[in-house]
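Participant: Pasting in a structure now, in structure tokens, and then I'll have a few things to ask.
The values are calculated or read from the model by the stated rules, or taken from the named source; none is laboratory data. None of the values given here were measured: they were computed from a predicted structure. As a convention, Cβ positions derive from the backbone with ideal geometry for all residues, glycine included, and neighbour counts pool all protein chains shown.
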Amino acid sequence: MSEVVGSLAWKMHAAATIVIWFFFNISMGSLTKWTYLYGEVCYTAAPDKCHMYKFPFMITAIHMLFSWWVCVVVVRRRHGKGPCLSLQAQLKKIAPLALTFSVCVAMGNLSLKYIYPSFNQMLASVSPLVTVFVSVCIRGKRYNYWTWLSMPIICGGLLVCSQQEVNYNALGVVFVVGATVLRAIKTVMQEKLLDPKEKDLDSVTLLYYLAPWAGASLLVMSLCFEGLAPFTMLLPSDSGGDKKGVGTLLLLLTLSGLNACFLNISGNMVTAYMGAVMLQILGNVKACLSIIVSVAIFRNPVTSSQAFGVLTCLVGVWIYQQKGGTVAPPTATEDKHK
């Protein structure tokens, strides 16, 4: 009886975590797009002199700063001074993940400068298939035939949507594809670090170590590609003129920063519960919801073929959930018989 209750409690906790991750994931795309659309700073002395805060590297660095602040509070309340992972261990385990994460998220945010969240999610739908390949290549996992059958349905459903996209932009597509491949690699790396055998790291502790490394990487990228503009827009004007819109911009950055923190924590938890491939499949379910939310908020058009693609994707998810999964590698005895 206790095993049944324990199993039920685990499933309920996992389901709640997935719902929370869905919420923060969908709201993250919308908040980022809002920042690009409404994060405008104007000079009162020259009302026509306005600038939009379209700095994806700095925005993601701010996300990491908020993530680290929250994790410091949680980790230190739990461990006192905090867990101790040596610099050598961080260079080996955390730094590669941080760099992959930084470029992945920055490219994803950069794509939103050119395309709407709905189209972004449509193109990112190939993540499950890419993640399966990465898991096979990096971790040596094996998947059954149902997994390989479900992947084209899951990925192809949302890819159908992109063919009728009226807000197409080639540069935005390049950024989404790059982010998708890096996301698969990052998720497999996370899965390995969050393995129960890795007793040093849980979801919050991983973000506690990851955030400073990722934030530093993103800050360097911001200085190289975006210059000092992300800072000067938020500071008082040298000429003494007042700026309008700074308060709204700071509010948007704060909301997106807190959202990113809880998104990262819940994403780590879903990875620990469900594994890398299932995380990406759930990401496609989330993509279907994101398309609906994007249309509701930004009023961008969606065609009937795109709606059909969403339905096809959900059918593929159902097939994987019912039949797909990993298979055990052949034993030494089986290899001898072969």
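Participant: I'd like the full set of residues that are surrounded by 18 or more Cβ atoms within 10 Å (Cβ to Cβ) and polar (S, T, N, Q), limited to region 28-71.
Facilitator: Matches in region 28-71: Ser30, Thr32, Thr35, Thr60, Ser67.
Participant: Pull up region 226-245, narrow it to residues that are outside any loop (DSSP other than H, G, I, E, B) and at pLDDT 85 or above, then point me to the one that is surrounded by the most Cβ atoms within 10 Å (Cβ to Cβ).
Facilitator: The residue in question is Pro230.
Participant: All but one of (1) assigned to a helix (DSSP H, G or I); (2) charged (D, E, K, R); (3) modelled with pLDDT under 75 hold for Glu191, so report the exception by its number.
Facilitator: (3)
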